[in-house]
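The values are calculated or read from the model by the stated rules, or taken from the named source; none is laboratory data. What you are looking at is a predicted structure, and each value in this text was computed from that prediction instead of being measured. All Cβ positions, even for glycine, are placed from backbone atoms using ideal geometry, and neighbour counts span all protein chains on display.
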Amino acid sequence: MELTINVEYEQILKLAKQLPAAKIIQLKSDLNTDFIENKAEKEISDFQRFLLSGPVMTDDQLKDFKQNRESWNVWRKK
């Protein structure tokens, strides 16, 4: 059985500040960097979602782009 509660960040912070120092240290160690990084890997930020929804070049467009870039580079060096 799973129970989900909607609690605002400010409420969690207020409760955490009421803990004794030893429990705060324990909480910090439980929420170590590995835990946070693993959690962050699973979540996609708005910016990442924006980038992933952007246009993508086809192979032909990429080939044309590279050829154009080479032509521009030659032209600029003259």
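Quick notes
- Qualifying residue in the stretch 39-48 (condition: among the aliphatic types (A, V, I, L, M), out of contact with any Ser or Thr (no Cβ under 6 Å at 6 or more places or on another chain), surrounded by 10 or more Cβ atoms within 10 Å (Cβ to Cβ) and not in a helix (DSSP H, G or I)): yes
- Residues satisfying the stated conditions in the stretch 14-36, i.e. part of a helix (DSSP H, G or I) and loosely packed, with under 10 Cβ neighbours inside 10 Å: Lys17, Ala21, Ala22, Ser29, Asp30, Thr33, Asp34
- The residue of the stretch 15-51 that is modelled with the lowest pLDDT, among those that are of a type in the set (A, V, I, L, M) and within 12 Å of the chain's Cα centre (by Cα), is Ala40.
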